[in-house]
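Taking it in order: structure first as structure tokens, then the write-up.
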Amino acid sequence: MKPLLRLLPTLAVACALTLPAGPAAQAQPIELPALGDASADDLSLANERKLGEQIMRQIRRDKAYLADPDTLEYLNNLGYRLVAASPARHMDFTFFAIRDPTLNAFALPGGFIGMHTGLIIAAQSESELASVLAHEIGHVDQRHIARMLSNQKDSVAITIGTLLLAVLASRYGGNSSGDLAQAAILGGQSLALQQQLSFSRDAEREADRVGFQSLTAAGYDPRGMADFFTRLQQGTRIYESAAPAYLRTHPMTVERIADMQNRLQGTSYKPRPDSLDFHLVRARLRVLQDDTVQGWRDAREHFESQLRSRTAVSETATRYGVALATLRLNQPEQAYSLAQAARKSTRESAPMLDKLVAEARFAAAGTNQAERLAAIQMARDATQRYPLSRLTALTYVDLLQQDGQHEAAVAYMREQLAISRSDTTFYSLVARSYAELGKKSLHHQAVAEAYLLLGVTPAALEQLTRARAAADADYYTMSEIDARWRQVQQQWREEQERLGRVPPSGDGQRSDRSRPQ
């Protein structure tokens, strides 16, 4: 497999839902030709997942990554409804959001699918949003990344990777992005670029076909795909000054719209009502997308204007947006009243609404312990109504920790089912409570596990060394820490040997001495 640094820019964009401009093209036949089998020798399923995990570690460290539990829960619930109806049902997927106002989505190796907040807000129905996710799931199911690698030679991969790195740099900004983009474009070769774009057109059409099938099988309105593609074409001008000319003249969108319209002619369908969660997450992202005081004020004014003019698509979601923006503006008493009004405006079950009411009540309580405990109980009740909801679990633990109930927080974290042990958040929360309780060994052990999930082995080894040195846990826990330390030390040594470096000398190692029972 080619080095990660060469592949990352190519892989991150090649399966993106781009917004090219260009002249109209003839519609393609409904039955698309197969692109052939992926080459397992170039990128196996296991290696594809590992590559995706490496890329995600970098993405999660970026400030644009939106680690919002409400948004993540919604996207993953929606995504897995589509996965269950697709040929990719045997694969693992992770859906996440990027704080970016542009209209875009992308698939990474191994089933990681990202959505820009701007795209989610712009979707005018849940079927439109589902159509984008279905399209990206189609990329993963058809293994377009593996096909790309099998059809390219090293020199072509480097050239295309350089150009696509320029696209990323110019879209995401930065002081040196313009120079980087220009340098990359000058280093590219037009023939290699044309070959890559030709492949990408085929891949996009195939992802459309597979996504269309999954969308209809999951019960969503397939018209959402054609409707959203039309709006994407209209949004092409957003990228006029950012994307290189090669991509701005890529005539793909018109073909895809025509193809979707042709498919609709032979498909029976009925309108699907949008879920309350869809409207709530769009309102939430309008508040979170511009995470500044002025951004929150603008969002609140937007929602209040809709209420005054009675133009809100969902009154509940609009009231929710006003309450959330008000809470962000540090006006908890008013936010609590507004959140209650939003909750009373619907009979539908909604974890996002329950969370906001509990958070606002806790914030409004101030030093009133009775009110604080009442808010915590509301959060606790929500975890019982939604036992598998990650966002309700996180809300309950957060309020417990804010109230200083760290023993209760740890006890709940160990028994709950909503937050996986493969989630760094689990260990971060446990570590926070152990630190407040003065349990040093357990604190360092939890931090070490979080570092290991992030792929930072040296930092994990250092934390385990500190856990051993503190030695303030019981015998069995210390034995567990010792065993984990030896395992991670061996892992670090193997990593260093693969890189041709001398492994660490083991500074900080203490002897395995017996401890009293």
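The values are calculated or read from the model by the stated rules, or taken from the named source; none is laboratory data. Since the structure is predicted, the reported quantities are computational estimates derived from the model, not experimental observations. We place every Cβ from the backbone using ideal geometry, glycine too, and count neighbours over all the protein chains shown. Quick note on the areas: whole protein, heavy atoms, side chains included, nothing else; ligands and nucleic acids left out. Shrake-Rupley method; radii C 1.70, N 1.55, O 1.52, S 1.80 Å.
Here are some residues: LEU452, LEU388. Which one is free of Cβ contacts under 8 Å to residues at least 60 places away in the same chain and outside any helix (DSSP H, G or I)? Lay out the reasoning, then the answer.
Numbers: LEU452 fails: outside any helix (DSSP H, G or I).
Result of the check over LEU452, LEU388: LEU388.
Among the residues of region 350-362, is there at least one that is within 26 Å of PRO387 (Cα to Cα) and part of a loop (DSSP other than H, G, I, E, B)?
yes
When region 310-334 is examined, which residues are found to be under 17 Å from HIS279 (Cβ atoms), at pLDDT 95 or above and open to solvent by 40 Å² or more (accessible area, probe 1.4 Å)?
Result: GLU315, ARG319.
Would you please list the contacts, defined by Cβ atoms under 8 Å and residues six or more apart or on different chains, that run from a residue in region 281-303 that is assigned to a helix (DSSP H, G or I) and open to solvent by less than 50 Å² (accessible area, probe 1.4 Å) to a residue that is modelled with pLDDT under 95 and acidic (Asp, Glu)?
Listed by first residue and then by second, the contacts come to TRP296/ASP290; ALA299/ASP290.
Rundown of residues vs (1) at pLDDT below 95; (2) polar (S, T, N, Q); (3) out of contact with any Ser or Thr (no Cβ under 9 Å at 6 or more places or on another chain), yes/no style:
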{"position": "LEU276", "(1), (2), (3)": "no, no, no"}
{"position": "HIS279", "(1), (2), (3)": "no, no, no"}
{"position": "ASP291", "(1), (2), (3)": "yes, no, yes"}
{"position": "GLN294", "(1), (2), (3)": "no, yes, yes"}
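Checking the condition open to solvent by less than 10 Å² (accessible area, probe 1.4 Å) and either more than 28 Å from ASN47 (Cβ to Cβ) or of a type in the set (Val, Ile, Thr) (or both), which residue from ALA105, ALA123 passes? Steps first, please.
On the way: ALA105 fails: either more than 28 Å from ASN47 (Cβ to Cβ) or of a type in the set (Val, Ile, Thr) (or both).
None of the others qualify; the one that does is ALA123.
This table checks each residue for (1) in a strand (DSSP E or B); (2) of a type in the set (Ser, Thr, Tyr); (3) surrounded by fewer than 23 Cβ atoms within 10 Å (Cβ to Cβ).
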{"residue": "ARG60", "(1), (2), (3)": "no, no, yes"}
{"residue": "GLU73", "(1), (2), (3)": "no, no, no"}
{"residue": "ASP100", "(1), (2), (3)": "no, no, yes"}
{"residue": "MET115", "(1), (2), (3)": "yes, no, no"}
